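Everything below concerns the one structure shown next.
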Amino acid sequence: MTVVATVLGTRVHALAQACERALLVSDLHLPADGGSPFAALGHAVAAARRERTPLFLLGDLFDSYVARGQARVGIWRDTAALLRQLADDRVPAHVLHGNRDFLLGPEFAAASGAVVVAGGLRGALGGVDTLLLHGDELCQNDLPYQRAKRWLRHPVTRAIARSLPVALALRVAARARAKSAMVIRGGDQTRFLPTAAAVGAAFATGASRLVFGHIHRFARGRHGVGEYRVLPAFDADPVGLAIDAAGWRPVRCTAAGLVAVAEPGPCPFGN
Ligand SMILES: [Mn+2]
């Protein structure tokens with residue numbers, strides 16, 4: 001994929017082709033047992049197939065993904081098989097790396113038929129120049145996280161992690177999640193908000209719209225001349241964003257299809 005910009009260390013790739021329609025969801029955190037978030041992803045995939053709408057998963061599809069062996073077992077294999085239904089129908093699916101599954105690699109792309117994007121994505125969605133990010137890079141006040149991100153994503157760390165046996169990889173991931181949850185509970189919550197400067201850096205790419213997740217808040221607002229949307233955590237409420245030529249609107253993914261939901265308010269930004 002062609003890298004067209006770098007935003008706060010995140011490489012932004014060009015979307016290969018414009019999409020008249022799109023369905024975007026984020027932060028599914030699919031657990032090992034699948035559960036209701038996996039069922040809701042099934043509803044999203046069914047709607048995307050029915051309406052031939054490209055699907056974009058904006059990161060943290062999985063609660064954790066570390067080793068390449070995971071793509072052959074459990075929820076990771078089942079999710080790849082679910083996304084494969086889209087590929088079989090020639091409906092494109094893109095999976096952006098999140099902070100919990102940035103080790104998703106070519107084995108998952110091969111199994112699912114989805115495009116795995118190691119960073120952000122920019123392209124025309126519903127005729128509007130749109131930038132998609134996971135959103136962790138926007139939380140510039142979370143200095144311990146931003147520092148850890150640098151060594152966690154070092155090629156040597158990644159190569160070791162991706163080759164771990166699955167059982168060991170899952171233990172390592174569970175320990176990291178527990179530590180992160182403790183840090184988040186104990187921290188000054190404004191530290192975990194996107195900063196206004198970071199959102200400005202995203203719009204400095206020239207995109208008219210910005211969509212991200214990561215902070216698990218459902219929001220929309222304006223920043224300068226740009227418009228942004230923040231997707232909620234899909235495992236808490238399976239709400240995504242439907243985009244077409246008429247605009248962009250939040251929808252809930254249900255067994256009965258995509259159901260419109262009320263528009264949220266703006267997101268507070270850190271300084
Ligand atoms: Mn995240």
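Residues are listed down the side, and each one gets a yes or a no for (1) at pLDDT 95 or above; (2) under 17 Å from the mean Cα position of the chain (by Cα):
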{"site": "ALA93", "(1), (2)": "yes, yes"}
{"site": "GLY105", "(1), (2)": "yes, yes"}
{"site": "GLY123", "(1), (2)": "yes, yes"}
{"site": "VAL128", "(1), (2)": "yes, no"}
{"site": "LEU131", "(1), (2)": "yes, yes"}
{"site": "ASP136", "(1), (2)": "yes, yes"}
{"site": "CYS139", "(1), (2)": "yes, yes"}
{"site": "LYS149", "(1), (2)": "no, yes"}
{"site": "PRO155", "(1), (2)": "no, no"}
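For the stretch 1-18, does any single residue satisfy the condition of being of a type in the set (Val, Ile, Thr), farther than 24 Å from ASP235 by Cα and within 15 Å of the chain's Cα centre (by Cα)?
yes
Quick one: GLY186 ticks every box in (1) closer than 30 Å to ALA44 by Cα; (2) of a type in the set (Gly, Ala, Ser); (3) loosely packed, with under 14 Cβ neighbours inside 10 Å except a single one, so which number is it?
It is condition (1) that GLY186 fails.
Go through the stretch 200-212 residue by residue and tally those that are out of contact with any helix residue (DSSP H, G or I) (no Cβ under 9 Å at 6 or more places or on another chain) and within 16 Å of the ligand (Cβ to nearest atom).
Looking only at that region, the number is 1.
Please determine, by comparing only the residues of the stretch 242-271 that are under 17 Å from ALA48 (Cα atoms) and touching a Pro at 6+ places or on another chain (Cβ under 9 Å), which one is surrounded by the fewest Cβ atoms within 10 Å (Cβ to Cβ).
Selected residue: ALA260.
Hey, among ARG153, ARG122, which residue is closer than 14 Å to ARG11 by Cβ, among the charged types (D, E, K, R) and away from the ligand (no atom under 16 Å from the Cβ)?
Unique residue meeting the criteria: ARG122.
So LEU15 clears everything in (1) crowded, with 19+ Cβ neighbours inside 10 Å; (2) within 16 Å of the ligand (Cβ to nearest atom); (3) under 30 Å from ALA196 (Cβ atoms) except one condition, right? Which one?
If we test LEU15 against (1) crowded, with 19+ Cβ neighbours inside 10 Å; (2) within 16 Å of the ligand (Cβ to nearest atom); (3) under 30 Å from ALA196 (Cβ atoms), just (2) comes out false.
Listed residues LEU30, LEU55, LEU103, LEU96; which is within 16 Å of the ligand (Cβ to nearest atom), of a type in the set (A, V, I, L, M) and within 30 Å of HIS223 (Cα to Cα)?
One residue alone meets the criteria, LEU96.
Does the stretch 174-189 contain any residue that is away from the ligand (no atom under 16 Å from the Cβ), among the aliphatic types (A, V, I, L, M) and in contact (Cβ under 8 Å) with a residue 24 or more places away in the chain?
Yes, the stretch 174-189 has at least one match.
In the stretch 213-229, which residue that is more than 12 Å from the ligand (Cβ to nearest atom) and aliphatic (A, V, I, L, M) is modelled with the lowest pLDDT?
For the stretch 213-229, the residue satisfying everything is VAL225.
Within the stretch 58-79, is even one residue charged (D, E, K, R), within 16 Å of the ligand (Cβ to nearest atom) and under 15 Å from VAL117 (Cβ atoms)?
Within the stretch 58-79 (the criterion being charged (D, E, K, R), within 16 Å of the ligand (Cβ to nearest atom) and under 15 Å from VAL117 (Cβ atoms)), the answer is yes, since at least one residue qualifies.
The values are calculated or read from the model by the stated rules, or taken from the named source; none is laboratory data. In this text, all values refer to a predicted model and were calculated from it rather than measured experimentally. FYI the Cβ positions are ideal-geometry reconstructions off the backbone, even for glycines, and counts take in every protein chain you see.
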